[in-house]
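Student: Take this structure, written in structure tokens, and hold onto it; I'll ask about it next.
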Amino acid sequence: MKVKGKNYKSIWLDKKKSIVVVIDQRQLPHHFKLLYLKNIKEIKKAIKDMVVRGAPLIGVTAAYGIYLSMKNNTSDKNLNSSVNFLKDARPTAVNLSWALEFMKKKLLDEKPSNRVHASKKLAEKISNNDIKCCKKIAENGLKIILGIRKRKKNKTINILTHCNAGWLATVDWGTALSPIFLAHRKKIKIHVWVDETRPRNQGSSLTSWELLQEKIPHTIITDNAGGHIMQHGMVDMCITGSDRTTANGDVCNKIGTYLKALSAYDNKIPFYVALPSNTIDLNSKNYLKDVPIEERNSDELTHIKGINSKGKNTKIRITPKGSKASNYSFDVTPAKYVTRLITEKGIHKPSKIEIKKIFS
Ligand code: MRU
């Protein structure tokens, strides 16, 4: 997608220097800075510190991490320890373990002498495949938007989204935002309600920035405003991404997604989830037991970050020092509240049978 008119992906390999280049998402929307990752330790730190975030991008970054590690040592021992080293960088996004297991399986089939070349090719393949999936999701999601446009007789379509599931969360295009980008390019009138997404504010800092770059009309709202605007007929559809979707179609996504889905259900507003099929975890069956929910540092809750009037990054405390704070980062929306899943393969009912069909 474009940043000030120039095409960017969220991650790429500088082939000459063999280093991984990413956009430092902690600095957005105020500063657009690139960061250069030279080894697996820097890759892990970038994932943990959320320089890169969003389930698909976390997976792609980890795959490049394996390539950087193979450049140092191509033994089975190093391959296994590199995979284990990266695996717990962030626990909820299943794309991380998916990408690492894919890399490991394929590389164990290669002779060690070929593993540098092979790991580079495999990481590039995962990255390119992510772009293809997101483009397909855009096309599939567009069909839903076109249906709503027909019903609304060309009036503006109001779409609510939570967190950031745009191109910054993937390699390009995004998941939940990709149908919106495509619809806008096709001159469909769209307005996006952007949940701020406390505590890290991925909605108000990243989604709004992406929509601004594409000149898509949008309004940032507090996380608690969704129910109110739904009751007042101001939302035609909701769409979010996912960090892990169970074999039964239950959707784990950024904390607060569940409450939006409940409001949507109560107000008979369709709630869609857009995701590449590698975000579906067939091993997760019971969403209360099988989905690890990341708990991040409570600092993210007790302090707020931004820039001051001089344009300098600032962090200030907003809670009393003695109060305890818990920072649950994800929740699960049970399948019964999800209207449809949108993947690169099509539009699916969130049910065990339909999900099985995606992989058959
Ligand atoms: O904690 P984050 O910023 O990595 O969380 C991101 C989300 O919750 C996204 O909605 C999800 O990863 C889907 S991204 C296409």
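Student: Rounded to two decimals, what ratio of Rg to Rh does the chain give with C-alpha atoms and a Kirkwood Rh? Please list the in-between numbers first.
Tutor: Numbers: Rg = 19.9 Å, Rh = 20.7 Å.
In the chain, Rg relative to Rh is 0.96.
Student: Classify segment 308-351 as rounded, prolate or oblate, taking a ≥ b ≥ c as the square roots of the eigenvalues of its Cα gyration tensor: rounded when a/c is under 1.5, otherwise prolate if a/b is larger than b/c and oblate if not. Don't jump to the answer; show the numbers that get you there.
Tutor: Numbers: a/c = 5.86, a/b = 2.07, b/c = 2.83.
It is oblate, given that a/c is not under 1.5 and a/b is not larger than b/c.
Student: Once you place label points 7 Å from the Cα toward the Cβ at Lys152 and Lys121, how far apart are they in nm?
Tutor: It is 4.7 nm.
Student: While we're here: Using the Cα centre of segment 248-353 as the reference point, and only Cβ charges (+1 on K/R, -1 on D/E), how large is the resulting charge dipole? Debye, rounded to the nearest 20.
Tutor: Taking the Cα centre of segment 248-353 as origin, the dipole is about 360 debye.
Student: While we're here: What do you get for Rg/Rh of segment 175-325 when both radii come from the Cα atoms and Rh is the Kirkwood radius?
Tutor: With Rh from the inverse mean 1/r over Cα pairs, Rg/Rh is 0.99.
Student: Related question: What share of the DSSP beta bridges in the chain is antiparallel, in percent to the nearest 5?
Tutor: 55 percent
Student: To continue, here is another question. What accessible area per residue, rounded to a whole number of Å², is obtained for segment 229-360 using a probe radius of 1.4 Å?
Tutor: 52 Å²
Student: Computed over the Cα atoms of segment 78-118, what is the convex hull's projected area averaged over all directions, in nm²?
Tutor: 2.8 nm²
Student: Just the number, please: carbon plus sulfur as a percent of the accessible area of the chain, 1.4 Å probe, no ligands or DNA/RNA counted.
Tutor: For the chain, the apolar C and S fraction of the accessible surface comes to 52 percent.
Student: Here's a follow-up. What distance in nm lies between label points placed 7 Å from Cα along the C-beta direction at Arg317 and Arg185?
Tutor: 4.8 nm
Student: What's the percent breakdown of Cα-Cα distances in segment 1-129 across 5 Å bins, shortest bin first?
Tutor: Once binned at 5 Å, the Cα pair distances of segment 1-129 give 2, 11, 23, 24, 20, 11, 5, 2, 1, 0.
Student: Please grab the % of Cα pairs in segment 156-260 that end up more than 22 Å from each other. Provide the component values of the computation, followed by the final result.
Tutor: Details: 1356 of 5460 pairs.
So the pairs more than 22 Å apart make up 25 percent of the total in segment 156-260.
Student: If Lys and Arg each add +1 and Asp and Glu each add -1, what is the summed charge of the other residues whose beta carbon sits under 14 Å from the beta carbon of Leu212?
Tutor: +1
Student: Just add up the charged neighbours of Ile229: K/R +1, D/E -1, any other residue whose Cβ is under 15 Å from the Cβ of Ile229.
Tutor: Summing Lys/Arg as +1 and Asp/Glu as -1 gives -3.
Student: Could I ask something else about it? Against the 2.2 N^0.38 Å scaling, with N counting residues, where does segment 118-163 land? I'd like the Cα-based Rg ratio to two decimal places.
Tutor: So the Cα radius of gyration is 1.74 times the expected 2.2 N^0.38 Å.
Student: While we're looking at this one, here's another question. For the chain, what does the helix formula give at 222 nm: sum of -39500 (n - 2.57) over DSSP H segments with n ≥ 4, over the residue count, nearest 500 deg cm²/dmol?
Tutor: -11000 deg cm²/dmol
Student: Further, regarding this structure: Applying 1/(1 + (r/R0)^6) with R0 = 22 Å to the Cβ-Cβ distance of Glu139 and Glu354, what FRET efficiency is obtained, to the nearest 0.05?
Tutor: Computed FRET efficiency for Glu139 and Glu354: 0.70.
Student: Follow-up. Modelling each spin label as a point 7 Å along the Cα-to-Cβ direction, I'd like the Ala325/Ser81 distance in nm, to one decimal.
Tutor: With each label placed 7 Å out from Cα toward Cβ, I get 3.7 nm.
Student: Let me ask another. At a 10 angstrom cut-off on C-beta neighbours, averaged per residue, how do the peptides 331-337, 287-293 rank from highest to lowest?
Tutor: Order by mean packing, descending: 331-337, 287-293.
Student: Step by step: find N for segment 81-216, compute 2.2 N^0.38 Å, then divide the Cα radius of gyration by it. What's the final number?
Tutor: Cα-based Rg divided by the globular estimate yields 1.30.
Student: Same structure again: Are there DSSP H segments in the chain that both extend 20 Å or more along their axis (alpha-carbon positions) and score a mean Kyte-Doolittle hydropathy of at least 0.5? List them, or say none.
Tutor: Membrane-span-like by this criterion, though nothing is claimed about a membrane: 55-70.
Student: Compute the accessible area per residue over segment 1-122, keeping the other protein chains in place, probe 1.4 Å, unit Å².
Tutor: On the way: 5610 Å² over 122 residues.
Value for segment 1-122: 46 Å² per residue.
Student: Considering only Cα-Cα distances, which of the following residue pairs are longer than 32 Å: Lys48/Lys260; Lys105/Lys305; Lys143/Lys260; Lys104/Lys305; Lys41/Lys315; Lys77/Lys315?
Tutor: Beyond 32 Å: Lys105/Lys305; Lys104/Lys305; Lys77/Lys315.
Student: With bins 10 Å wide starting at 0, give me the P(r) of segment 261-323 over every alpha carbon pair, in whole percents.
Tutor: Spelled out bin by bin, segment 261-323 gives 15, 21, 27, 29, 8, 0 percent.
The values are calculated or read from the model by the stated rules, or taken from the named source; none is laboratory data. Owing to the predicted nature of the structure, the values given are computational and were not obtained by experimental measurement. Glycine gets a Cβ as well: all are built from the backbone with ideal geometry, and neighbour counts include every protein chain shown. Heads up: the accessible areas ignore ligands, DNA and RNA and are worked out on the full protein's heavy atoms, side chains in. Shrake-Rupley method; radii C 1.70, N 1.55, O 1.52, S 1.80 Å.
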